[in-house]
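Structure record follows, encoded as structure tokens.
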Amino acid sequence: MDQAERLRKLVGHQQASEAPEAPAAGGRLGNARVIAVTSGKGGVGKTNLTVNLAIALGLAGQRVLVVDADLGMANVEVVLGSSTKKHLLNLLEEGTELQDVLVHGPYGVEYISGGSGIEKAQAFDAGRKDVLLRKLAAAGDLADIILIDTGAGLGKNVMDFILAADQVLLLTTPEPTALTDAYAVMKAYSMYAHEQDLRLIVNRVYDEQESREVMAKLAQTAARFLHMDVDCLGYIFEDAAVMRAVRKQTPVLVSQPDAAASRCIRAIADSVLYGTPAAVKKGWKEFLRQIFHFSR
């Protein structure tokens, strides 16, 4: 049974557990692999990629958790057509545990709404940070891969997320402004990341040749001026099915599993799992310590 057929069953509320088991990316012993999905500018499809990638990885047998860390936004909820009243800071309430803020969304997507709570938490005293760290740490036991949907650009919080992650997926489009902003992210990352693992994805390309040209341009520029090797993870075709899915608040991988964009996203998921080896350098708990600026 191919993935498209499993997705059709998923729409019909069948269990996605029929998917073949893939090697666990982070292992099943609380050492989840943390992947930050980011972009140099807004509007390039970052949250769409994050949500659909979570579905594709879930179908491949991975336990996936999405953390919506785009401050002040609820884009993951919009894409899923879901909602929640609980967010990260509710964990400070006595009697509120991780399961209370963990949303079991549609299509098998589990997510936590971080919102502005992450930014506020960075200014907390050690006691409250310790509570958040202890309660959030349990997420590392619930997932093989944790996807962080960051904001766009080079804000301090975005940089905190991408520098703390095991791996960064940088999404861009072929537009000159998007490429310029993507290069700015690459430059900042090359300057501050001690252990670098950045993979490039190009969205809204019209053919494979265009994607190759964009990827080659960025990779060559990074090698020449930043002395940084950038792997190209994949591309996503321009596809009207994506906009139709956004309007229906249904992930394109579910609404039209055979669409060109859906096939591209499944290929990217395969690259995440089976492409260039990616190690769990820090893991979830160390990620939390870094973004909360908490060490003890």
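For region 194-296, the relative contact order comes to 23 percent (Cα pairs under 8 Å, sequence separation of at least 6).
Tell me which GluC sites (Glu not before Pro) from region 175-227 have a DSSP coil assignment and no more than 12 other beta carbons within 10 Å of their own.
On the way: sites: E195, E208, E210, E213; in loops: E195.
Qualifying residues, ordered by number: E195.
Averaging 1/r over each pair of different alpha-carbon atoms in region 135-179 and inverting the result gives 12.6 Å, the Kirkwood hydrodynamic radius.
Based only on Cα atoms, what mean projected area does the convex hull of region 224-292 have, in nm²?
Convex hull of Cα atoms, orientation-averaged projection: 7.7 nm².
Beyond 20 Å between alpha-carbons counts as too far, so tell me which of K187/K217; K217/K282; K85/K120; K46/K248 fall in that bin. Write down the numbers at each step before the final one.
Numbers: K187/K217 14 Å; K217/K282 30 Å; K85/K120 18 Å; K46/K248 18 Å.
In this structure, K217/K282 exceed 20 Å between Cα atoms.
Under the Kirkwood approximation applied to all pairs of distinct alpha-carbon atoms, what is the hydrodynamic radius of the chain in Å? Can you show the working numbers first?
Details: mean 1/r = 0.0523 Å⁻¹.
Across the chain, the inverse of the average 1/r is 19.1 Å.
Counting each DSSP H run of 4 or more residues in the chain as -39500 (n - 2.57), what helix-only mean residue ellipticity at 222 nm follows after dividing by all residues, to the nearest 500 deg cm²/dmol? List each step's numbers first, then the result.
Numbers: 13 runs with 127 residues, N = 296.
Helix contribution divided over all residues of the chain: -12500 deg cm²/dmol.
Relative contact order for the chain using alpha-carbon pairs under 8 Å, separation at least 6, rounded to a whole percent?
The normalised contact order for the chain reaches 26 percent.
Label T96 and D258 with points 7 Å out from Cα along Cα→Cβ: what is the distance between them in nm? So the label points at T96 and D258 sit 4.6 nm apart.
Explain nothing, just the number: dipole magnitude of region 148-199 about its Cα centre with +1 on each Lys and Arg Cβ and -1 on each Asp and Glu Cβ, in debye rounded to the nearest 20.
Values: 3 positive and 7 negative charges, 29 e Å.
In debye, rounded to 20, region 148-199 gives about 140.
Which of the trypsin sites (Lys or Arg not before Pro) found in region 118-148 are loop residues per DSSP with 14 or fewer other Cβ atoms within 10 Å of their Cβ? Those that pass, being in a loop and sparsely packed, number zero.
I need R289, R244, R266 ordered by Cβ neighbour count within 10 Å, fewest first. Don't jump to the answer; show the numbers that get you there.
Working: R289 17, R244 14, R266 24.
By the 10 Å Cβ count, ascending: R244, R289, R266.
Here region 163-248 is treated as an ellipsoid with the same Cα gyration tensor; its semi-axes, largest first and in whole Å, are 25, 15, 10. Structural descriptor for region 218-277: relative contact order 30 percent, calculated from alpha carbon pairs under 8 angstrom and at least 6 residues apart. Could you list log10 I(q)/I(0) for region 42-132 at q = 0.10, 0.14, 0.18 Å⁻¹, which the Debye formula gives when each Cα is one point scatterer? For the requested q values the scattering log ratios are -0.28, -0.53, -0.82.
Throughout, read-outs are computed from the coordinates displayed, never taken from laboratory work. Every value quoted in this text rests on a predicted model; they were computed, and no experiment measured them. Because the Cβ atoms are built from the backbone with ideal geometry, glycine has one as well, and the counts that use them run over all protein chains shown.
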